[in-house]
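Engineer: Input: one structure, supplied below.
The values are calculated or read from the model by the stated rules, or taken from the named source; none is laboratory data. Bear in mind that the values here come from a model prediction, so they are computed numbers and not experimental data. Here Cβ is always computed from backbone atoms with ideal geometry, including for glycine, and neighbour counts include all displayed protein chains. For accessibility, only protein heavy atoms count, side chains too; no ligands or nucleic acids. Shrake-Rupley method; radii C 1.70, N 1.55, O 1.52, S 1.80 Å.
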Amino acid sequence: MVATGWTMTENASLLGLNTFHVQAHAARLLEIQDSAQLPDALALPEVTAGELLVLGSGSNVLLAGDVDATVLVFANQGIEILEHRADHTIVRAAAGVNWHKLVLWSLQHGLSGLENLALIPGTCGASPIQNIGAYGVQVGEFIQTVEAWDREANDWVRLDNEQCAFGYRDSVFKQQPERYLITAIELRLPLLHELRMDYAGIAEELQSQGVELPSAVDVANAVIAIRSRKLPDPNALGNAGSFFKNPILTVDQVEVLQQTFPDLPVYPAEREDQRKVSAAWMIEHCGWKGFREGDAGVAESHALVLVNHGTATGAELLALARRISASVLETFSVAIEPEPRLIGAQW
Ligand code: FAD
Ligand code: EPU
């Protein structure tokens with residue numbers, strides 16, 4: 001069914017809507033081109049009758065099977081400058097805009113801040129959900145406002161940065177996954193910005209490229225080069241990026257672990273008395289890197305990335321994830337948790 005502002009398809013394949021490339025169908029797919037029409041589309045009887053699941057590009061989900069729900073996808077587009085000030089610019093991006101496209105657009109417009117977040121797959125609408133982060137930067141540092149339809153209040157809301165409750169791979173949206181349908185984000189991008197090159201690999205990459213006085217574009221190019229080497233391209237090999245979050249432990253727990261595993265990489269966490277430890281290192285230590293059984297496996301280039309070599313099902317990928325987490329628990333006494341949203345299964 002086609003109406004102004006949205007399109008509805010019954011029994012729709014989700015193969016192209018999840019980067020694991022798992023075969024699954026949705027009872028119906030509702031694509032929103034014009035977010036102003038969202039309340040009307042949500043009021044359709046076939047939508048109100050069942051459950052609703054929002055997807056962006058499906059780069060952070062694992063579909064355990066068919067989805068007996070209306071899958072809502074934002075296809076609304078548009079990037080605009082809302083305000084130019086002496087020290088910053090406010091930029092608005094519609095939920096359906098590809099995230100990397102926004103990063104490139106900001107750099108082309110002389111704005112900095114997002115360079116370390118280059119090449120992260122997915123949509124702008126999904127970027128606040130897990131507060132996307134890479135190379136020492138998280139999107140929550142720049143988000144000023146998130147515009148959303150609040151399904152609890154049945155009304156439009158504009159959440160400011162504090163209300164978003166951003167944390168490591170966390171936000172109010174992740175905590176209340178059924179509540180908010182994000183239609184746009186507004187970012188405050190500084191004009192004068194100190195480039196962040198302290199994350200391992202960036203300075204070395206810039207040096208190897210012969211860059212002496214790096215610009216934001218140079219940092220983005222360095223990040224793109226590192227990512228392209230380490231992370232499999234989902235178009236070539238199905239994956240959802242890091243399958244596990246890096247666990248956060250107390251300083252005391254880390255000290256005990258380091259007595260047995262002195263090489264375990266340890267990073268600062270948001271709280272002074274906590275540290276983040278490398279899940280990739282622990283998984284590699286347990287021997288999983290490059291493992292494959294059937295079509296479900298672990299990437300050869302990165303131990304944190306589960307991959308679908310062809311026709312692995314969501315259930316097979318999930319079973320492998322459980323085996324990996326059990327062996328990490330046994331070896332390190334550390335529980336690791338999935339980063340992607342599991343759809344149709346519980347962890
Ligand atoms: P989806 O996977 O479709 O959805 C993710 C979650 O957001 C779901 O819960 C969904 O319901 C919800 N959601 C999506 N859109 C909306 C909306 N408009 N309103 C409300 N809820 C919504 N992530 C990082 O943080 N850092 C990385 O470096 C990184 N690297 C990656 C590398 C690869 C190769 C891959 C495949 C993934 C990587 N990811 C990374 C994960 C992923 O790119 C991000 O989580 C991204 O933000 C997901 O966007 P999406 O549009 O694909 O969302
Ligand atoms: N490492 C290993 N084996 C591996 C890979 C990494 O031992 O196979 C160790 C190395 O010591 C390495 C360290 O882990 O120095 C950290 O690796 P990396 O820099 O690749 O970072 P990560 O902690 O594995 C996190 C994010 C990524 C993000 C990168 C870069 C999480 C769960 N993952 O990965 O995000 O791109 O940092 O900032 O926080 C994602 O969320 O999907 C994602 C890809």
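Engineer: Normalised by the empirical 2.2 N^0.38 Å for globular proteins, what value does the Cα Rg of region 105-154 take?
Structural biologist: Normalised Rg, Cα atoms only: 1.31.
Engineer: Run down the lysines and flag those whose C-alpha is under 23 Å from the C-alpha of Lys289, throwing out any fewer than 8 positions away in its chain.
Structural biologist: Lys230, Lys245, Lys276
Engineer: Using a 1.4 Å probe on the protein chains only, how many percent of the accessible area of region 84-164 belongs to carbon and sulfur?
Structural biologist: Roughly 47 percent, rounded to a whole number.
Engineer: For region 87-125 and region 185-252, write down the distance between their C-alpha centroids in whole Å.
Structural biologist: About 14 Å separates the Cα centre of region 87-125 from the one of region 185-252.
Engineer: Mind checking the log10 I(q)/I(0) for the chain at q = 0.09 Å⁻¹? Debye, one equal scatterer per Cα, no solvent, two decimals.
Structural biologist: -0.52
Engineer: Helix-only estimate, please: 222 nm mean residue ellipticity of the chain, summing -39500 (n - 2.57) across DSSP H runs of length 4 or more and dividing by its residues, to the nearest 500.
Structural biologist: -7000 deg cm²/dmol
Engineer: Mind ranking 226-232, 129-135 by how tightly packed they are, going by the mean number of other C-beta atoms within 10 angstrom, highest first?
Structural biologist: 129-135, 226-232
Engineer: Mind jotting down the three principal axis lengths of region 238-343 based on Cα atoms? Whole angstrom, largest first.
Structural biologist: 43, 26, 22
Engineer: Residues of the chain: accessible area per residue at 1.4 Å, in Å²?
Structural biologist: Normalised by residue count, the accessible surface of the chain is 47 Å².
Engineer: Determine the share of region 238-343's accessible area contributed by carbon and sulfur atoms, expressed in whole percent, with a 1.4 angstrom probe.
Structural biologist: Carbon-and-sulfur percentage of accessible area, whole number: 46.
Engineer: DSSP H helices in the chain with Cα extent of 20 Å or more along the helix axis and mean Kyte-Doolittle hydropathy at least 0.5?
Structural biologist: Those that clear 20 Å and a mean of 0.5 are 216-230, 314-332.
Engineer: While we're here: Give me the number: length gained by fully extending Glu152 to Tyr199, i.e. 0.36 nm times residue separation minus the C-alpha to C-alpha distance, one decimal in nm.
Structural biologist: 12.9 nm
Engineer: Taking 0.36 nm per residue of separation and subtracting the Cα-Cα distance, what length does fully extending Val217 through Asp263 add?
Structural biologist: Result for the pair: 13.2 nm of gain on full extension.
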